[in-house]
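Right, one structure below, let's go through it.
Read-outs: derived from the displayed coordinates by stated rules, not from any lab. Note that the coordinates shown come from a computational prediction; the quantities given were computed from them, not determined experimentally. All Cβ positions, glycine included, derive from the backbone under ideal geometry; neighbour counts span all protein chains shown.
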Amino acid sequence: MPMTIIPVKTATQAYDVRLVDHGLDQIAEHIASVWTPCRVALITDTTVGPLYAAKVVTQLTNAGYCVNVLTVPAGEASKSWTQVERLITAMSTMHLTRSDGVIALGGGVVGDLAGFVASIYLRGLSLIQVPTSLLAQVDSSVGGKTAIDLPTGKNLVGSFYQPALVLIDPQTLTTLPARSLAEGYGEIVKCAALVGGAFWALVTQINQLADLIPNAAALITASVQFKAQVVMADEKEGGQRQLLNFGHTIGHAVELLGQGRWMHGEAVAIGLVQVSRLFEAHQLTPAGTADQLAARLQAVGLPTSLPDLPVTQLLAAMQHDKKVHGNQLTWVYLTAIGRPELRAVPVLQLKDWLAPMIKD
C-alpha cells in the first residue's frame, strides 16, 4: 500500500501520522526525516521488544543513531511511578541531552509511559511514537495524551505532549493475539459511532474477527483522521475533545475495578453499550442505539454486559474520573449514530442517575 500521511497541527507541535505497510522495514528513513543522528532511548516492553527491537536498533545504528533499549514489563501495571523512576534514571545514565530523543515502540501502555517520561525528562525530549497494537494505532499514539496510573484511577498523572512523528505499520497487527486485536476495535467502533456516515458503514462490514486485518488500513485511517481533526480543534480537552471519552466513564471504572480482568478496549466496549442503555432509559438516546453498538462489538467477540461489581466501588471510581469538574461529571452520549452530545450530571446525583443501569 502507498504511504498515507495525516498531518496534525496543534499550538505546540506540527507532525505527521504516517501509515506505511512494512514501515518498520524503513524506520530509519522515516526517523531521519525528523531527527538528525542522536542518542535514542528506545522504550519497549517484554512482549514487543523481542519481536521488533533488534530490527529497529540495527537500522538506526546503521543510520548513525546511538540506541539504548529500555524494556518494561508488559501490562498496565508498568504505567507507574516505579517504572518512570527506573526509566529516567537509565536515561540519565545514558547522558541524554535535549538534542536527543525517545522512541515508544509498543502498545498503548508503552506509548503512554514513554510519552510521559519524554515530557518530564530535562523538561522535554523529542518523542516518536511507533505503535504496534491496533488500540495504540487508532487511539493513544495520536493526540499527545501521556499518563501513568494511580491506585485510585487510570491516567490520573500525565501531560499533553505531542510527538514529532507517529509511524504506524499495520503489519505489526499480524503478531497480535486475537484478544488484543479485538480490543483495539472497541476504540474504532467508538469513533465510528461519533462520526457516523461512511465510517459507520465501514464498521457494519466487520462481521467477524478475521475481517479486521484486511480492513485495517481503512479502519486506522478513518479513526486517525477523526482524532486528528478533534485534537487540532481542542488540544487540551477543553471542549470538543471530550467527545472522545464516549464510553470511558463506565469503561475506566470497570477496568480499574477489574484489576486486569478486562483490557482497556474491552472495558470501553462495555462502557459504550452501557452508557447508551443508560441514556436510552433517560430518553436522551434513541431506543435501539445500544443494540446497534452491541452488535458491532460482539461481532469480534468483545464484551458488552456490565459485570457484577459493587455499586459503592463503581460510584467511587467514577467520582475519581478526570472528567469530574466543579462537582459535575460530564458524560458523552448519542442522540443518533454520528450525533454525540455532552451532559453534565452533579456528582451528588450520580447514584440516582445510574439507577437504571445498576442495582444495589
Note to self: For a protection proxy built on the mean count of beta-carbon atoms within 10 angstrom, sort 184-195, 280-291 highest first, please.
What the structure shows: 184-195, 280-291
Next item on the list: Would you mind computing, in nm to one decimal, how far apart the modelled labels at Ala32 and Ala217 are, each placed 7 Å from Cα along Cα→Cβ?
Entry: 2.4 nm
Checklist line | Relative contact order computed over the chain (Cα-Cα under 8 Å; 6+ residues apart), in percent | finding: 15 percent
Next item on the list: Apply the Karplus parameterisation 6.51 cos²θ - 1.76 cosθ + 1.60, with θ equal to phi minus 60°, to every residue of region 282-288 and state each ³J(HN,Hα) to the nearest whole Hz, in sequence, with x for glycine and proline.
Entry: 8, 6, 10, 10, x, 4, x
Notebook entry, point to check: How big is region 178-359 by the Kirkwood estimate over distinct Cα pairs, in Å?
Noted result: 16.4 Å
Checklist line | Potential lengthening between Arg343 and His282 on full extension [0.36 nm per residue; Cα-Cα distance subtracted] | finding: 20.8 nm
Notebook entry, point to check: Taking N as the number of residues in region 285-333, what is its Cα Rg relative to 2.2 N^0.38 Å?
Noted result: 1.47
Notebook entry, point to check: In whole Hz, what ³J(HN,Hα) sequence does region 66-71 give by Karplus (6.51, -1.76, 1.60; θ = phi - 60°), x for Gly and Pro?
Noted result: 9, 10, 10, 8, 10, 10
Next item on the list: Tally the DSSP beta bridges in the chain and give the antiparallel ones as a percent, rounded to 5.
Entry: 50 percent
Next item on the list: At 20 Å minimum axial length over the Cα atoms and a Kyte-Doolittle cut of -0.5, report the qualifying DSSP H helices in the chain, or say none.
Entry: 178-195, 216-233, 264-281
Check: Between Asp25 and Leu309, 0.36 nm times their residue separation minus their Cα-Cα distance comes to what?
Finding: 97.7 nm
Next item on the list: Only Cα pairs under 8 Å and at least 6 apart count here; give the relative contact order of region 3-175 as a rounded whole percent.
Entry: 26 percent
Checklist line | Flagged links, alpha-carbon separation over 21 Å, of Lys154/Lys323; Lys154/Lys236; Lys9/Lys79; Lys79/Lys145; Lys145/Lys323; Lys145/Lys351 | finding: Lys9/Lys79; Lys145/Lys351
Margin query: At a threshold of 8 angstrom on Cα-Cα distance, excluding pairs fewer than six apart, so keeping six or more, what relative contact order does region 214-360 reach in percent?
Written below: 22 percent
Note to self: I need the peptides 24-37, 114-127 ranked by packing, meaning the mean over residues of other C-beta atoms within 10 angstrom, with the highest value on top.
What the structure shows: 114-127, 24-37
Next item on the list: For region 1-111, just the Cα atoms, rotate onto the principal axes and tell me the three extents in Å, largest first.
Entry: 40, 34, 28
Checklist line | Pair Ser99, Leu202: separation of 7 Å Cα→Cβ label points (nm) | finding: 4.2 nm
Next item on the list: Per residue of region 30-35, in order, report the coupling 6.51 cos²θ - 1.76 cosθ + 1.60 (Karplus, θ = phi - 60°) as ³J(HN,Hα) in whole Hz, putting x for Gly and Pro.
Entry: 5, 5, 5, 6, 10, 10
